[in-house]
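Presented below is the structure to which this report refers.
The values are calculated or read from the model by the stated rules, or taken from the named source; none is laboratory data. Only a predicted model underlies this, so the values are computations on that prediction, with no experimental measurement involved. Reconstructed Cβ throughout: ideal geometry from the backbone, glycine too, with neighbour counts over all protein chains shown.
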């Protein structure tokens, strides 16, 4: 009896301690624009208690003893603020804090919000990118762009200047997912490969996961790019106009309804447009190429934000992106269009520190290709909706997030007049993520259950990430997880050059094999397993080192069958399936490591990245390296700001990549049609030149390397207006990087030569 009494006393004491605590929650905003300040460091003075704001500028400090405290809030680019607060027991204190922009560096706050996030979060293989980060690399064509930044990230392989495909840690391009404010966006990169569809100035934050991401993200095997846009200036109308030899940009943002004491809410907007006119300027400015650069695109984006005083907000957004390639290498016309619209919301319940977030959106993507010599046309369309709802609860340094996702799509592909494939897919998923802190260990187990209705398959996806803070400067990290996907593309992983990428849903309705290695295929859901280990080491205050090694297995991978020899009909039904089906199943694995060294003191920014990787795939015929198997990849970046007011800026980038694999040509022969038997006029008949291929991907293209440079000068032309002149040179030493060789004509097709560009922009 005595021991039960003691236990009861201890429980009541614990409840008594909890009852004596309170919480502080709030948002941090830019005082001049009203935009949320992300990664701001929130520290209780003279304690070790702290956190960092998230992508919404939101922070929570819970389980604080009742009493008086001083919050220290600061981040690079803003004046440090000391904010006195009073915490009351059993109450939640809500704050809206404005920070004053500053050009000076942090002095009183020793650790930035990003560093605090690295210590408190267990995230592995993720880069958090802001507009400032993007602007630190050479702005090709005078346009700093997210696509150019992603290409330098550890583990990312870029197909080249004329293609624009990204391959991440051994995964194909179809295995990447891009989210814009929670909305799924298909193929967000232009065909020239240098630009994304997103205007840089509207990006608030982009989280790029190259592996090991948690259960919030599903339906994808390799990577996630989660992009959040600005809400728009809530104080005044601002904008930017820019033009260069590559294209032009326009941005407008401002308040429609300003907040006041009576209204209690505000309404703001963002509008952006950008286009390329390379097809017009290339014949004059870059006439030495002796050809037109056939790339044209037009990107339109709009967003409307309704925000209340307590941080609750509703966003409405829409986009229209188009891309055209006219007479590409005199082979084909190519183009695509992406149209989408949606809404997301953030709700803060009045009596708790919880967050409720949701999104509903529709996206439609169409791609077309017409071959000029054969008149063969191809079309692919994917359209559908995505819905998401999540709740986040905070418990001190711990956090629980749970929610659901739903994705419904229709895919339609036309390969010829008589070959149209239409399929439907629905993914319904529920997930839970717990982030806990136990001393120096940060752990994040998560679980996702994904149900694919088209395949009647329920896939459990457990995931785990860990981070051990051995000291304030040295951290060990690891991640593992199971991932699944039902989408595939229509091209083969053996294709070096193929601008057309169609979307298909893997299902038994496709002309796909039913057996693999003499075993019946019971599920067509594609799967991968990630295993990642790494270290983070802050060598100095401004110098950091990062190392990650990874191993990825891939199973049930659907792929176009390049080895089909027979028609899939009754006459050939005794032939093996893998010789007569349009699509086959493959397994594979990828492994490697990424090393990076980064230095940033505000004026000087240096980043060196080396990636080592190997990818192999196997089917029932052979094992091979896919065309994106680049073993070595190096990126070196430098950005330097100088002058009394830092109005001069110089950016450099050098990229090296070892050669991609390709299948050599063994010989050429004349093929004569003998379908008429002995009546064939084999003497006078003109045969067709046929290629005899060598061993699959047994050779490699020459190494790729390119040096880019850009210089900027900023002029203050008014209290709030800035004129910027940009001079950039792409491929400074005019390296002839091979794109491909035409097997029939033996014509060499190179990637872009040296391309100088002059640009000007005005911000107001």
Being under 23 Å from the mean Cα position of the chain (by Cα) and in contact (Cβ under 8 Å) with a residue 60 or more places away in the chain is the filter here; which residues of segment 595-609 pass it? 595, 596, 605, 607, 609
Does residue 528 satisfy the condition of being closer than 22 Å to residue 620 by Cα and either assigned to a strand (DSSP E or B) or outside the structural domain of residue 623 (by TED's automatic domain parsing) (or both)? yes
Would you mention how many residues in segment 15-71 are more than 25 Å from residue 312 (Cα to Cα) and in contact with a helix residue (DSSP H, G or I) (Cβ under 7 Å, 6 or more places away or on another chain)? 0
Identify the residue in segment 458-472 that is loosely packed, with under 15 Cβ neighbours inside 10 Å and closer than 26 Å to residue 542 by Cα and, among all such residues, is modelled with the lowest pLDDT. 472
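Among the residues of segment 244-252, are any buried (at least 21 other Cβ atoms within 10 Å of the Cβ), touching a helix residue (DSSP H, G or I) at 6+ places or on another chain (Cβ under 6 Å) and not in a strand (DSSP E or B)?
There is at least one residue in segment 244-252 that is buried (at least 21 other Cβ atoms within 10 Å of the Cβ), touching a helix residue (DSSP H, G or I) at 6+ places or on another chain (Cβ under 6 Å) and not in a strand (DSSP E or B).
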In segment 509-520, the residues that are in contact (Cβ under 8 Å) with a residue 24 or more places away in the chain and either in a loop (DSSP other than H, G, I, E, B) or in contact with a helix residue (DSSP H, G or I) (Cβ under 7 Å, 6 or more places away or on another chain) (or both): 509, 510, 511, 513, 514, 515, 517
Lone qualifier among 276, 268, 272 - being in contact with a helix residue (DSSP H, G or I) (Cβ under 7 Å, 6 or more places away or on another chain), assigned by TED's automatic domain parsing to the domain that holds residue 161 and touching a residue at least 12 places away in the same chain (Cβ under 8 Å): 272
Please tell me if residue 566 is assigned by TED's automatic domain parsing to the domain that holds residue 521, under 30 Å from residue 520 (Cβ atoms) and touching a residue at least 40 places away in the same chain (Cβ under 8 Å). no
Matching residues, segment 175-187, being under 12 Å from residue 226 (Cβ atoms) and not in a strand (DSSP E or B): 181, 182
Please find, within segment 484-494, the residue that is modelled with the highest pLDDT out of those that are assigned to a strand (DSSP E or B) and touching a helix residue (DSSP H, G or I) at 6+ places or on another chain (Cβ under 9 Å). 485
Can you find even one residue in segment 439-449 that is touching a residue at least 24 places away in the same chain (Cβ under 8 Å) and more than 18 Å from residue 397 (Cβ to Cβ)? yes
Does residue 613 count as buried (at least 17 other Cβ atoms within 10 Å of the Cβ), touching a residue at least 12 places away in the same chain (Cβ under 8 Å) and in the same structural domain as residue 473 (by TED's automatic domain parsing)? yes
Determine which member of the set 657, 588, 592 is under 22 Å from the mean Cα position of the chain (by Cα), over 20 Å from residue 739 (Cβ atoms) and buried (at least 17 other Cβ atoms within 10 Å of the Cβ). 592
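Conditions tested, residue by residue: (1) out of contact with any helix residue (DSSP H, G or I) (no Cβ under 6 Å at 6 or more places or on another chain); (2) assigned by TED's automatic domain parsing to the domain that holds residue 387; (3) surrounded by fewer than 23 Cβ atoms within 10 Å (Cβ to Cβ); (4) part of a strand (DSSP E or B).
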site	(1), (2), (3), (4)
194	no, yes, no, no
204	yes, yes, yes, yes
211	yes, yes, no, no
215	yes, yes, no, no
Being more than 30 Å from residue 657 (Cα to Cα) and exposed (fewer than 14 other Cβ atoms within 10 Å of the Cβ) is the filter here; which residues of segment 715-759 pass it? 715, 716, 717, 718, 719, 720, 721
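If I filter segment 149-171 down to residues being outside any strand (DSSP E or B) and modelled with pLDDT under 90, which single residue comes out as nearest to residue 730 (Cα to Cα)? Before the answer, list the steps.
Residues of segment 149-171 that are outside any strand (DSSP E or B), as a first pass: 149-155, 159-165, 169-171.
Next, only the ones that are modelled with pLDDT under 90 stay: 159-165.
Details: 159: 16, 160: 13, 161: 10, 162: 14, 163: 16, 164: 16, 165: 19 Å.
The residue in question is 161.
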Considering 176, 233, which residue is within 11 Å of the chain's Cα centre (by Cα) and in contact (Cβ under 8 Å) with a residue 12 or more places away in the chain? 176
